[in-house]
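Right, one structure below, let's go through it.
The values are calculated or read from the model by the stated rules, or taken from the named source; none is laboratory data. In this text the structure is predicted, and so the values were computed from the model without any measurement. So basically every Cβ, Gly included, is an ideal-geometry build from the backbone, and we count neighbours across all protein chains shown.
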Amino acid sequence: MFDPTNPPETPLKAIHVENDSEADYTDLGGIIHLSSVPQDNFTVSLFSTRWDIRSIYNEAKALNVHYFVEIDSMNYETIIQDTIDTQYLLNPRPPFLYAANIYYHLQKQDDIFTNLSSSFSSVTYPIIYNDNEALPANDWGGIFIVYPDNTTEIHYHNGYNPYIIMHELTHFYTFNRMNSLTFSGVASTMLDKAMDETFAEYWLGRDLVTNSPIRNYRGNSIAIDLLDIYNIHTSAVYNNLSLNLNEDFYSWYYCAMPIAAVWEDIRLSLWFYDFDIKLLGALTPIIANDQDLHKPRFFYNILMRTSTPNAQMIINKAYSDRGLHFTPKVVSAGISNPPEGRDKNMFRIGDPVHMKVINCPQNIPLTVYVVEDQDYTDGMYISALNAIICQVSGTSDNDGVWYSSTPVMAASDVEDYDILVDKNL
């Protein structure tokens, strides 16, 4: 069985080799043709024209090795070991780097990126540091850094964990496709990181070495396809701040897991590869920071605006099934809290009229209006409505549901009416 943390020996393409006065890069088979046998300055370096892997103990140049094995008089081989000796004055011991593992997974992930975006083939990656021991030696052992001047770096504790390697690379891919913008600025917190992490998790799913929905969080293996918002909210691990369940909670770091699962659901139901392109189409037009960019609703709205009515139903259901409610549905009924399918839209004079709202963001104030039938336009103000027959206020519950415990009105005239929900976010 293939062990993703111990990949088989594989050729390293586009890797820099120097020998005597020659310098060039290996081909797709990891081969380079030299005019002479390896000389004293023979060096294989972990950098190409697009990526560069270094040690924080020697930031001036890429990690490199000088050894080789003679196969025969015309052929020599260099196998980059898991541990590269980077012992310098500031580093009294050689850390375990697994640098070749980074290079291996970087190449695989880049193939996915360039397949999704052909223009990405000319993009230069940030410098990658793979022995930052200030980072934890677990599933948090990597970070994609955007500095105030918009320069970027990727740091790993080491290159052992392929999930961490690829996860940080996907952050850079999203950053690049979004015109070098971040979702909430360089000073973002866990409270507004969901969309940043969602894109990273989703791109991972395009070619995880494990080819499964399993992700690693806080040392735990998580099947994100089984998660919804409620799993995150009730978890002492993933809601360690005891945050309230409402639409603001959707932006919480760990909510990325169910949102990424929503996108996987939509992908399987609708577009497959075309959904990847649809998400890229949502990223590339963004040319300035938007105060709502970090909110899951921002990309939900884009997906809904750019989809057919049938696709909108599938998108909305995928979000709702995992507890992310954006588009409330209001029904009228003859009883309080009618079960599904027991709504009622025709009443006799004198009949009591109850209201029920479902699929609403959890625990938010809302107002329900009954108004005379009319046409509506986007952005229309409440003050522009036809005669308001009645209005009633309440708060949605943990399931995103509100209903009137008593009738909101009694049918009194033969007339057509509309019911509107104003949710106060």
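Worth a mention:
- Candidate set: region 102-147, residues that are assigned to a loop (DSSP other than H, G, I, E, B) and free of Cβ contacts under 8 Å to residues at least 24 places away in the same chain; chosen: the one nearest to the chain's Cα centre (by Cα): GLY141
- Scan of region 109-132 for residues that are loosely packed, with under 15 Cβ neighbours inside 10 Å and not β-branched (Val, Ile, Thr), ordered by number: ASP111, ASN115, SER118, SER119, SER121, SER122
- When the residues of region 375-391 are filtered to those that are of a type in the set (S, T, N, Q) and loosely packed, with under 13 Cβ neighbours inside 10 Å, the one that is modelled with the lowest pLDDT is ASN386.
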